[in-house]
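The values are calculated or read from the model by the stated rules, or taken from the named source; none is laboratory data. For clarity, every value in this text was computed on a predicted model and none was experimentally measured. Note that we place each Cβ from the backbone using ideal geometry, even for glycine, and neighbour counts take in every protein chain shown. To get the accessible areas, we keep the full protein, side chains included, count just its heavy atoms, and leave off ligands, DNA and RNA. Shrake-Rupley method; radii C 1.70, N 1.55, O 1.52, S 1.80 Å.
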Amino acid sequence: MTQPQRVEHQSTDKGSVPIYTTAVVEQPWDKYTATDHEVWRTLFRRQRDMLVGRACREFLDCQDEMGISEANIPRFADLNALLEAKTGWTLIGVQGLLPELDFFEHLANRRFPVTWWIRRPEQLDYLSEPDLFHDLFGHVPLLMNPIFADYMQAYGQGGVKAQGIGPDALAQLTRLYWYTVEFGLIRTDEGLRIYGSGIVSSGGESRYCLESDAPNRLGFDLLRVMRTRYRIDTFQKTYFVIDSFEQLMSATLPDFVPYYEQLKSLPTIPAGTVLDTDLVITRGTGEGWATDADF
Ligand code: PHE
Ligand code: CO
């Protein structure tokens, strides 16, 4: 019962992707094994130590406020009591990645899908799909932050709309999610800090995104981000840096329909490219970048 219920694999432009049942499932907390809890504990300890001084204060404080700790895999019901009171979000258990429209609809209704199963001990460093550690450790804390909580809902509403507009709009919106929710950096008084969930749940990338000379770090620019392709199988070539969650929220508040129109005449930008018009914080050396195509 600690194995996910995969339905089938589907071949897409991003490779073979597992498709799961879209049903909301009760978190089978009593069925987690000692090994499952040990995986949580190991990853929690390792990432928390790594993130002090690297993740933004909001992330660390929210994690503490929710009582997410190394003790054992948290119960969704316990977290929901706090989350519902603070920002009105509810965690729901799912088997894994959802079809885009289901995902958007959950977010639009302030429901955050969390994969209920956790990776195996031999997968501590890398997993090609989200598991409980990524979803819960990485995504859930900032749902306690009122501005970020609103951003996630607005993104879901925007996703439902983009789905009705077409594949290009959807791809552009997905790039925004990628470079903010998953791989975003934020400028603070103490220096650059991480807020993206894809980074905080990855040991290697937590260091690389801040300390490596290889990647570009560019100031956040909405349309620029929506044109930028990305890598799903390596560390990022470029990170976009926001100044505050307020900035992110106000940049994304307008109706995107005119933006999607405007973007029709603009080419996509490869993941590693720096433009003359970019707000360059650091220009990457590109060392160690894979040369094959990004999405
Ligand atoms: N304002 C966007 C729209 O009209 C919705 C959105 C909000 C998208 C926040 C992303 C993030 O489509
Ligand atoms: Co994620």
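Got at least one residue in region 7-17 being in a helix (DSSP H, G or I) and either loosely packed, with under 13 Cβ neighbours inside 10 Å or modelled with pLDDT under 95 (or both)? No. For GLY166, the conditions (1) touching a residue at least 24 places away in the same chain (Cβ under 8 Å); (2) closer than 28 Å to LYS264 by Cα; (3) not aliphatic (A, V, I, L, M) are fulfilled apart from (1). For ASP78, state whether it is out of contact with any helix residue (DSSP H, G or I) (no Cβ under 8 Å at 6 or more places or on another chain) and of a type outside the set (Ser, Thr, Tyr). Yes: the conditions hold for ASP78. On the given criteria, is LEU170 within 16 Å of ligand 2 (Cβ to nearest atom), under 24 Å from ASP102 (Cβ atoms) and of a type in the set (A, V, I, L, M)? For LEU170, the condition - within 16 Å of ligand 2 (Cβ to nearest atom), under 24 Å from ASP102 (Cβ atoms) and of a type in the set (A, V, I, L, M) - is not met. Would you say LEU124 is in contact with a Gly (Cβ under 9 Å, 6 or more places away or on another chain), open to solvent by 10 Å² or more (accessible area, probe 1.4 Å) and farther than 25 Å from GLY93 by Cβ? Against the criterion (in contact with a Gly (Cβ under 9 Å, 6 or more places away or on another chain), open to solvent by 10 Å² or more (accessible area, probe 1.4 Å) and farther than 25 Å from GLY93 by Cβ), LEU124 does not qualify. Of the residues making up region 158-180, one or more are farther than 23 Å from GLY286 by Cα, open to solvent by 10 Å² or more (accessible area, probe 1.4 Å) and among the basic types (Lys, Arg). Is there any pair linking a residue in region 253-278 that is under 12 Å from ARG224 (Cβ atoms) to one that is within 16 Å of ligand 2 (Cβ to nearest atom) and not hydrophobic (A, V, I, L, M, F, W, C), with Cβ under 9 Å and at least six apart or on different chains, and which? Hits for this filter: THR268/ARG175. Here THR87 qualifies as open to solvent by 10 Å² or more (accessible area, probe 1.4 Å), within 30 Å of GLY164 (Cα to Cα) and modelled with pLDDT of 95 or more. Is it true that some residue in region 133-146 is more than 25 Å from ARG41 (Cα to Cα) and of a type outside the set (Asp, Glu)? Checked region 133-146: at least one residue is more than 25 Å from ARG41 (Cα to Cα) and of a type outside the set (Asp, Glu).
Each residue in region 24-59 was checked for being without any contact (Cβ under 8 Å) to a residue 24 or more places away in the chain and among the polar types (S, T, N, Q), and 0 pass.
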